[in-house]
Amino acid sequence: MTDAIDQIAARLERLHPRLIDLSLDRLRDLLASLGHPEKRLPPVIHVAGTNGKGSTCAFIRAMAEAAGQRVHVYTSPHLVQFNERIRIAGRLVEQDRLIAAMERIERVNNNAPITVFEVITATAFDLFAATQADICVLEVGLGGRGDATNVIDAPAACAITSISLDHRELLGSAVETIAGEKAGIMKPGVPVAIGAQTPEVTRILLDRAQDVEAPVLLRGRDWDIAAAASGLSYSDRSGTIELPAPSLPGLFQHDNAGIAITALRAARLPHHPAGVAATEWPARLQRLDGHLARLLPPDWELWLDGGHNPGAGIVLAEHLRGWADRPVHLVVGMKQAKDSTEFLRPLLPLAATVWAVREPNQHAALPVEAIVAASGGVARPGPRVADALRAIPRTGEPARVLICGSLYLAGEILKLDAG
């Protein structure tokens, strides 16, 4: 099944426009030929940001489903199977249905210039429009303003998670420029839930919201969330809600849970906050207990996180400080074009050892030597994850190992751990 999708993607790659203009005209033309499925979706919550988009989408889905709602979800990239990107009314799309939909849309496109992501997005909309649901959650793939998901003219609410430097080759080298691209999902009259941001990013977002007359719900001003005896305490102008502790670990997930609640409340969509305790989202500080974990001593812990940009390095470092009861060993594999040095900078002082790895099937993987160089020579070559896990010094005390640096690496790790 995966081979069939790869073959479709390879054919579509040949139709890729020579110039990336970040316009939405190609996709709008395709959607018109499909009968405008994007106009036949249930209420949409549109989520942009640099880090935390996927987790926020997962929190939205879990809280809506806890209230009995049927939820469509479109996210990217996938980790193991391509169909992870499209969840129809609570269930991952079946592979054969996905292939049939993509092949049909390929025929409708009739060899016109198009990008693979635009076709995948059209496929998601087409599948969603064919099945009844109560809520549709869309994660921006890249940026916001020119992203394929931004063809939705009037979502019920928008959400913007933490913004930092990423995809600089496409979005720009300044965080203010990147924030401007993310702010491009804002629409007139559509409420936008905004999480914790730096002052310069906040200014860009507020200016954009004022320009398009989008009501803003800003953390620290209009809503807030904090640890409490019950787990979390969420507050806004309507009062305070007590929540259980999120099932996704990490203090940064509090912000994502708060953004999700704020967006759902702003959209006036049914939800139950208890859903934060049942949220599932792989490779976000996920503890592993399979084949790879068994390469470590039984009293050690193996964790996986797909964080891969400077902002993710900062929040992971904050989490590592809470792991001070044990030594932490890092196993790092990264994608080309990512800022490896800045990702590693806050993590290196907190690690007992650092190992640079590259799995054979890891998409666009950065060479091990480049990761070693980005670490200032601190990292040792794995060169593969299993090699690194076996080579980490055993000192007789319990320790933790964190594999991180790339969602593509995370997908390979989940396959290996299940093997």
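The values are calculated or read from the model by the stated rules, or taken from the named source; none is laboratory data. Keep in mind that this is a model prediction, so the values were computed, not measured. Cβ placement follows ideal geometry from the backbone for every residue including glycine, while neighbour counts extend to all protein chains displayed. Ligands, DNA and RNA are stripped out before the accessible areas are found, and what is left, the full protein with its side chains, is counted by its heavy atoms. Shrake-Rupley method; radii C 1.70, N 1.55, O 1.52, S 1.80 Å.
Can you tell me the alpha carbon radius of gyration of region 345-419 divided by the globular rule-of-thumb value 2.2 N^0.38 Å?
1.09
Place a +1 charge on the Cβ of each Lys and Arg in region 16-163 and a -1 charge on the Cβ of each Asp and Glu, then give the dipole magnitude about the Cα centre in debye, rounded to the nearest 20.
120
What per residue convex hull volume, in Å³, do the alpha-carbon atoms of region 1-105 yield?
Hull volume normalised by residue count: 135 Å³.
In region 199-234, what trypsin sites (Lys or Arg not before Pro) fall in a loop by DSSP, with at most 12 other Cβ atoms inside 10 Å?
Details: sites: ARG203, ARG208, ARG219, ARG221; in loops: ARG221.
Loop-located and lightly packed - ARG221.
Would you mind working out the accessible area per residue for region 56-121, using a 1.4 Å probe, and quoting it in Å²?
The answer is 38 Å² per residue.
Viscosity 0.692 mPa s, temperature 37 °C: give me the Stokes-Einstein translational D for region 307-384 in µm²/s, with Rh taken as the Kirkwood radius over C-alpha pairs.
It diffuses with D of about 264 µm²/s by this estimate.
Å³ per residue of the Cα convex hull, for the chain?
It comes to 138 Å³ per residue, whole-number rounded.
If eta is 0.890 mPa s and T is 25 °C, what Stokes-Einstein diffusion coefficient results for region 91-155, Kirkwood Rh from Cα pairs, in µm²/s?
The estimated diffusion coefficient comes to 189 µm²/s.
Over region 171-259, with the other protein chains present, what is the accessible area per residue in square angstrom, probe 1.4 angstrom? Numbers along the way, then the final one.
Values: 3800 Å² over 89 residues.
Spelled out: the 1.4 Å probe surface of region 171-259, per residue, equals 43 Å².
Order 380-387, 296-303, 134-141 from most to least packed using the mean count of other Cβ atoms within 10 Å.
Top of the packing list down: 134-141, 380-387, 296-303.
Considering only SER230, VAL315, GLN210, whose Cα is most displaced toward the positive end of the charge dipole of the chain, charges sitting on Cβ of Lys, Arg (+1) and Asp, Glu (-1)?
The Cα lying farthest towards the positive end belongs to SER230.
With the chain treated as a Gaussian network of Cα nodes joined by springs under 10 Å, which of PRO244, PRO393, PRO37 yields the largest mean-square fluctuation?
PRO393
If you average 1/r across every pair of different Cα atoms in region 114-236 and take the reciprocal, what Kirkwood value do you get, in Å?
15.9
Projected onto the charge dipole of the chain (+1 at Lys/Arg Cβ, -1 at Asp/Glu Cβ, origin at the Cα centre), which of VAL80, SER406, ILE120 gives the Cα projection farthest towards the positive end?
Highest projection toward the positive end goes to VAL80.
Using alpha-carbon pairs under 8 Å, 6+ residues apart, how would you state the relative contact order of the chain in percent?
Relative contact order, the chain: 16 percent.
On the protein heavy atoms, probe 1.4 angstrom, tell me the percent of accessible surface of region 216-320 carried by carbon and sulfur.
Solvent-exposed carbon and sulfur of region 216-320 make up 53 percent of the total.
What accessible area per residue comes out for region 276-395, rounded to a whole number of Å², with a 1.4 Å probe?
Counting only protein heavy atoms, the per-residue value for region 276-395 is 43 Å².
Go through 247-260, 265-278, 356-369 and give me the packing order, highest mean Cβ count within 10 Å leading.
247-260, 265-278, 356-369
When averaged across all projection directions, what area in nm² does the alpha-carbon convex hull of region 191-291 cover? Mind dumping the intermediate values first?
Details: hull surface 31.9 nm².
Result: 8.0 nm².
For a protection proxy built on the mean count of beta-carbon atoms within 10 angstrom, sort 158-164, 83-89 highest first, please.
For the peptides 158-164, 83-89, the packing ranking is 158-164, 83-89.
Taking H placed 1.01 Å from N in the peptide plane, check which residues at least 5 places from CYS158 or on another chain put their amide H under 5 Å from its amide H.
HIS46, VAL192, ALA193
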